[in-house]
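Participant: Below: one structure in structure tokens.
The values are calculated or read from the model by the stated rules, or taken from the named source; none is laboratory data. In this text the structure is predicted, and so the values were computed from the model without any measurement. Neighbour counts run over all protein chains shown; Cβ positions are idealised from the backbone, glycine included. These accessible areas exclude ligands, DNA and RNA; they are computed on the full protein's heavy atoms, side chains included. Shrake-Rupley method; radii C 1.70, N 1.55, O 1.52, S 1.80 Å.
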Amino acid sequence: MADHVQSLAQLENLCKQLYETTDTTTRLQAEKALVEFTNSPDCLSKCQLLLERGSSSYSQLLAATCLTKLVSRTNNPLPLEQRIDIRNYVLNYLATRPKLATFVTQALIQLYARITKLGWFDCQKDDYVFRNAITDVTRFLQDSVEYCIIGVTILSQLTNEINQADTTHPLTKHRKIASSFRDSSLFDIFTLSCNLLKQASGKNLNLNDESQHGLLMQLLKLTHNCLNFDFIGTSTDESSDDLCTVQIPTSWRSAFLDSSTLQLFFDLYHSIPPSFSPLVLSCLVQIASVRRSLFNNAERAKFLSHLVDGVKRILENPQSLSDPNNYHEFCRLLARLKSNYQLGELVKVENYPEVIRLIANFTVTSLQHWEFAPNSVHYLLSLWQRLAASVPYVKATEPHMLETYTPEVTKAYITSRLESVHIILRDGLEDPLEDTGLVQQQLDQLSTIGRCEYEKTCALLVQLFDQSAQSYQELLQSASASPMDIAVQEGRLTWLVYIIGAVIGGRVSFASTDEQDAMDGELVCRVLQLMNLTDSRLAQAGNEKLELAMLSFFEQFRKIYIGDQVQKSSKLYRRLSEVLGLNDETMVLSVFIGKMLSAVQFMLNNHTSEHFSFLGINNQSNLTDMRCRTTFYTALGRLLMVDLGEDEDQYEQFMLPLTAAFEAVAQMFSTNSFNEQEAKRTLVGLVRDLRGIAFAFNAKTSFMMLFEWIYPSYMPILQRAIELWYHDPACTTPVLKLMAELVHNRSQRLQFDVSSPNGILLFRETSKMITMYGNRILTLGEVPKDQVYALKLKGISICFSMLKAALSGSYVNFGVFRLYGDDALDNALQTFIKLLLSIPHSDLLDYPKLSQSYYSLLEVLTQDHMNFIASLEPHVIMYILSSISEGLTALDTMVCTGCCSCLDHIVTYLFKQLSRSTKKRTTPLNQESDRFLHIMQQHPEMIQQMLSTVLNIIIFEDCRNQWSMSRPLLGLILLNEKYFSDLRNSIVNSQPPEKQQAMHLCFENLMEGIERNLLTKNRDRFTQNLSAFRREVNDSMKNSTYGVNSNDMMS
């Protein structure tokens, strides 16, 4: 008993250290100790002890989160009786302790929801024991407000938990649970929630009572979770939520045909504080989006009429919309009016003329206040875009009145953007033009809106453009013009060029007229005249944003007016011919290309810090900030390759700045004392630049120029950098990545002549770098868990990728190394083993980039260097086999497939060596093979476990790479025929008696016609059999509630 009390006190102290201390070291030690606690065998009993006797909220939180992990684990799950006990205990605990800290209550409710979800299909005496959620919370709902809040929160969290797929369980299982929950419980929960909301709104809510506030908030969250449920398994992401329809089941029709449901939420909006209104509006957004087929035409018209009346009432009383969250949700609600209903249906609503006027006024006011909730504008523009796009198709006799209001919206958008320029520059605010994604999205919407009543749009743009262009020209000619005034006019012109490009891009061929093409011509003439003016100033002071706007305009013009489908007699070209002498698309294209070529030539000749500041050595910036240099030089490299050919002079001219940088670093390294920071910055910038060039040079001729430039002159500098700064990943990562790129035979660019030793020399350098980095990084000692990837594992991962690229590049004959006594290959492989053994198994799968680089390297080694694997020490072989076994169940399909391939190579090697050892041969097995066979015979459980794992995945899980799984399976079966027979019997016996014969027959068919060899023909036959086997087993088990746990199979 004293031990329990002591360990309880220790745990409480650790919790306090974890959540309260400000000392990082103390917190990390506490975290480490608590992780060990969660993995200990007596964790369950101690969690109960913490909940019963713990004096702090933090210890209760620890107990709840530990229990959630225990019930969630897939390997060695808790027995059904134990999970029922935990569920009942949690409910009683919540019922007897209403004053728990909020975060503890939340954690316990999360635990209840997780148990319920994962046990949804668990039966006890023909009763689904975890499906009584509404019964479970009834006692809470009949008690005080505090208990009622707990009950509603339980239902809310349960709905949310079942709606969310997790990564540790198959998606098919999640959908099965979600579908069953939807059909059996969700509507009852939604109805209960609405009834409680009606009761709450029926009573005069005491808005000063915090507990009633809490209840109302939880009821609204519960209702929203019900309406937001993924009813048909579409799993749409948040970014596309405004394109989707809520697929309400037909059984819910009664709730939506009853107008009181819709009215309830509109009444709530007007009667509760603004802080709660966003949730009410979110519910209305979902209700407005119910699928059209839920109603017949008359029912839909009635529903839409109620919806529009509610929207009208909000617009007539807009006080609450001053809250940004309310405003945002209301904009979403407006957008749903058109995304889910047709314009022909909207115009028939009784109050349509008044509503469209109110919406137009609201939109214009919103656009004019551009600084308020800018992310909400998307929804308003989306509404008007869809309305404008529907105009040609509307057949209703009632007037839609869009010809009146759409030009007002267009004008408000354009003028508000222009007026914002001066304020942004004056006050130093964030420029919306810098968010190109948002601007492009809004312009796409405006392109449709602006084409409605296009004459008015065009007249406005011409007027505003002429004013700004004239002012800009006058300012440029004036000696006393202030930079601020010039910047304002450039900003206004940038917006106008973007908008002109957008409205031209919105042209629809079948709806366009000659008059509209002539208007386009007027706009294009003005932009091209502005381009001539700005080009003349590029050398002195170009404006980047205006140049980007020009490029956007070119793209829109090319899309619409250049191509076979465009009539050459278009009035646009007539206008261009009259004003600028550009008679056809070829002449316009030559103008565009001329502008771009001048920019490209400038970059190729001037890639120095003088013209591009990010290429300089800035002591204020971080070394990792230089990443953009790689992208920049990749682009430059591709541009250079266009007409580089075999011109070495042009190449050397281009490389002059980089040559100077390498020489500067070499000069620093040649002295005993040098400025380390300057050397680091110069070198890191340089290797990032070179990696960009190496990536772009994917042709043999250009890559050979780069190789001969860097080797042998500058390779020692890279090796020296690794030697000096191995402990600083900001330096080593770029250098290692450059080396990994140089040895990558991308597009067969590393094809050396038959008389060239360069392939071997390049591998020597690779081996030297891997060995040097590997041996030094292992001297770091203990690295904190939160820094282990950055300081150690990332570099190791790049070394694995580098070695894999070199081994699989097909430009080195690795047999010559041993033949001539060269230890480069052996050094690289031995360093790989040392690095591998320094990594815990869990880290191999916890870090995706590390796992991908490791398993892809292992695949090459097992394919081409199996003799090396066979020569390793037993504990190393066991480590590698264990890593393959764990990788077979990885969530990353690429890793899983790589493991299958590795296992196939190993099993094939084993089978061949075993076959040879049983035959009478004059040549005995070599020492490595004999030893490897001996190790495998001593540890048969490893191969047997992998056989069990592969078979389990194929039969019982959502196998995404069945072909890859089938390749090693035949070898595993042939090596373990007795074990496979026992496994088969175990699976057959686990089935219901009436299905055992069918399952036995499935296994018989699996091995039908399979010979005892691993020839390709035999493997292919087995793969075909396996596809049929999986299909038959799935059909057999569909109606069965029985199943086999993977752990039962492996035991």
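Participant: Normalised by the number of residues in the chain, what is the relative contact order in percent for Cα pairs under 8 Å and 6+ residues apart?
Facilitator: 5
Participant: Could I ask something else about it? From the phi of every residue in region 986-995, what ³J(HN,Hα) in whole Hz does the Karplus formula 6.51 cos²θ - 1.76 cosθ + 1.60 yield, where θ is phi - 60° and glycine or proline is x?
Facilitator: Per-residue couplings from phi come out as 4, 5, 4, 5, 7, 7, x, x, 6, 9 Hz.
Participant: Assign one of three labels to region 396-443, namely rounded, prolate or oblate, based on the Cα gyration tensor with a ≥ b ≥ c the square roots of its eigenvalues; rounded applies when a/c is under 1.5, prolate when it is not and a/b is larger than b/c, and oblate otherwise.
Facilitator: Verdict is oblate for region 396-443.
Participant: Further, regarding this structure: If I take all pairs of Cα atoms in region 5-91, what percentage of them are more than 21 Å from each other?
Facilitator: Within region 5-91, distances greater than 21 Å cover 30 percent of Cα pairs.
Participant: Per residue, how much accessible surface does the chain expose to a 1.4 Å probe? Answer in Å², no decimals.
Facilitator: Spelled out: the 1.4 Å probe surface of the chain, per residue, equals 46 Å².
Participant: Let me ask something else about it. Give K173/K995; K792/K834; K312/K338; K32/K117; K737/K794 a once-over and call out the pairs whose C-alpha atoms are over 20 Å from each other.
Facilitator: Over 20 Å apart, Cα to Cα: K173/K995; K32/K117.
Participant: While we're on this one: Amide H neighbours of V290 under 5 Å, counting only residues 5+ apart in sequence or on other chains, H built in-plane at 1.01 Å?
Facilitator: Here the answer is V246, since their amide H atoms fall under 5 Å of that of V290.
Participant: Let me ask something else about it. In the chain, what percent of the accessible surface is made up of carbon and sulfur (1.4 Å probe, ligands and nucleic acids excluded)?
Facilitator: Carbon and sulfur atoms account for 50 percent of the accessible area of the chain.
Participant: If each DSSP helix of 4+ residues adds -39,500 (n - 2.57) and the sum is divided by the residues in the chain, what number results at 222 nm, nearest 500 deg cm²/dmol?
Facilitator: Calculated from helices alone, the mean residue ellipticity at 222 nm is -23000 deg cm²/dmol.
Participant: Which values of log₁₀ I(q)/I(0), to two decimal places, follow from the Debye formula for region 347-391 at q = 0.29, 0.34 Å⁻¹ with a uniform point scatterer at every Cα?
Facilitator: One equal scatterer on each Cα of region 347-391 leads to -1.09, -1.18.
Participant: If the chain between H369 and E515 were fully stretched, how many nm would it gain, using 0.36 nm times the residue separation less the Cα-Cα distance?
Facilitator: Fully extending the segment from H369 to E515 adds 49.2 nm.
Participant: Show me, for region 171-187, the HN-Hα J-couplings you get by feeding each phi into the Karplus relation (A = 6.51, B = -1.76, C = 1.60, θ = phi - 60°), rounded to Hz, glycine and proline as x.
Facilitator: Karplus values, whole Hz, x for Gly and Pro: 4, 4, 5, 4, 5, 5, 5, 4, 5, 5, 4, 4, 6, 9, 10, 5, 5.
Participant: Based on the mean of other beta carbon atoms within 10 Å per residue, what is the order of 905-917, 35-47, most packed first?
Facilitator: 905-917, 35-47
Participant: Hey, of [x] 54, 49, 30; [y] 58, 42, 35; [z] 46, 33, 31, which did the structure itself give for semi-axes √(5λ) of the Cα gyration tensor in Å when calculated?
Facilitator: Of the listed options [x] 54, 49, 30; [y] 58, 42, 35; [z] 46, 33, 31, [x] comes from this structure.
Participant: Now for a separate question. Among T223, I935, L8, whose Cα projects farthest towards the positive end of the dipole of the chain, with charges put on the beta-carbon of Lys, Arg (+1) and Asp, Glu (-1)?
Facilitator: I935
Participant: Could I ask something else about it? Can you pull out the chymotrypsin sites (Phe, Trp or Tyr not before Pro) in region 87-160 whose DSSP state is coil and whose Cβ has at most 15 other Cβ atoms within 10 Å?
Facilitator: Loop-located and lightly packed - F121.
Participant: Given Cα pairs under 8 Å that are at least 6 residues apart, what percent is the relative contact order of region 318-401?
Facilitator: The value is 49 percent.
Participant: Between region 733-792 and region 247-294, what is the C-alpha centre distance in whole Å?
Facilitator: 60
Participant: Can you spot the lysines whose alpha carbon is less than 20 Å from K198's alpha carbon? Ignore those fewer than 8 places along the same chain.
Facilitator: Counting by Cα, and skipping residues close in sequence, K198 has these lysines nearby: K221.
Participant: Please give the peptides 74-84, 873-883 ranked by average Cβ packing (other Cβ atoms within 10 Å per residue), highest first, as a rough proxy for protection.
Facilitator: 873-883, 74-84
Participant: Continuing with the same structure: Residue by residue through region 572-588, what is 3J(HN,Hα) from phi via Karplus (6.51 cos²θ - 1.76 cosθ + 1.60, θ = phi - 60°)? Round to whole Hz and write x for glycine and proline.
Facilitator: 3J(HN,Hα) across region 572-588, in whole Hz: 4, 5, 4, 5, 4, 5, 5, 8, 10, x, 9, 7, 8, 5, 4, 5, 5.
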